[in-house]
Amino acid sequence: MADTYPEEAASMKCTIVGCPGTYEPRETVVVERVQGQLMVIEHVPVEVCEVCGDVLFRPETIRHLEALRHTAIPPTRTVPLYEYV
Ligand SMILES: [Zn+2]
């Protein structure tokens with residue numbers, strides 16, 4: 001999955017003012033609320049600043065997440081959902 005990134009992404013400078021960090025490719029979990037239902041998407045590629053932890057989503061990743069939000073395919077797995085009580 002990391003090999004879909006162009007080489008220069010590894011050295012992209014952090015967009016937070018004053019932060020000396022650079023972004024590195026990571027994976028995250030995205031939780032969306034779609035029509036009142038939670039949707040959990042694992043292994044989403046993101047860029048994370050090694051210093052401040054700022055997270056960047058690439059435009060194509062955002063488009064892909066948007067497409068998944070409207071997908072009719074059944075989930076790969078389901079997860080236990082807990083309330084904070
Ligand atoms: Zn940073």
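The values are calculated or read from the model by the stated rules, or taken from the named source; none is laboratory data. Fair warning: this is a prediction, and the values are worked out from it, not measured in the lab. Every residue, glycine among them, receives a Cβ derived from its backbone with ideal geometry; neighbour counts consider all protein chains shown. With ligands, DNA and RNA removed, areas are computed over all heavy atoms of the protein, side chains included. Shrake-Rupley method; radii C 1.70, N 1.55, O 1.52, S 1.80 Å.
On the basis of being more than 16 Å from the ligand (Cβ to nearest atom), among the hydrophobic types (A, V, I, L, M, F, W, C) and open to solvent by 100 Å² or more (accessible area, probe 1.4 Å), does Leu81 make the cut? Break it down stepwise before answering.
Details: more than 16 Å from the ligand (Cβ to nearest atom): yes; among the hydrophobic types (A, V, I, L, M, F, W, C): yes; open to solvent by 100 Å² or more (accessible area, probe 1.4 Å): yes.
Taking the combined requirement at face value, the residue satisfies it.
Is it the case that Glu60 is open to solvent by 100 Å² or more (accessible area, probe 1.4 Å) and not in a strand (DSSP E or B)? Working first, answer last.
Values: open to solvent by 100 Å² or more (accessible area, probe 1.4 Å): no; not in a strand (DSSP E or B): yes.
Taking the combined requirement at face value, the residue does not satisfy it.
Restricting to segment 65-81, name every residue that is assigned to a loop (DSSP other than H, G, I, E, B) and more than 15 Å from Val29 (Cβ to Cβ). Reasoning before the result, please.
If we filter segment 65-81 for residues that are assigned to a loop (DSSP other than H, G, I, E, B), which is where we start, we get 70-81.
Answer for segment 65-81, where residues must be assigned to a loop (DSSP other than H, G, I, E, B) and more than 15 Å from Val29 (Cβ to Cβ): His70, Thr71, Ala72, Ile73, Pro74.
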## Note on the structure
Note on segment 36-57: residues within 16 Å of the ligand (Cβ to nearest atom), open to solvent by 50 Å² or more (accessible area, probe 1.4 Å) and outside any strand (DSSP E or B) are Glu50, Val51, Cys52, Phe57
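Considering only residues that are open to solvent by less than 30 Å² (accessible area, probe 1.4 Å) and in a strand (DSSP E or B), which ones fall in segment 17-31? I'd like the intermediate steps shown before the answer.
Our first condition is that a residue be open to solvent by less than 30 Å² (accessible area, probe 1.4 Å); within segment 17-31, this holds for 19, 21, 23, 30.
Across segment 17-31, the qualifying residues are Tyr23, Val30.
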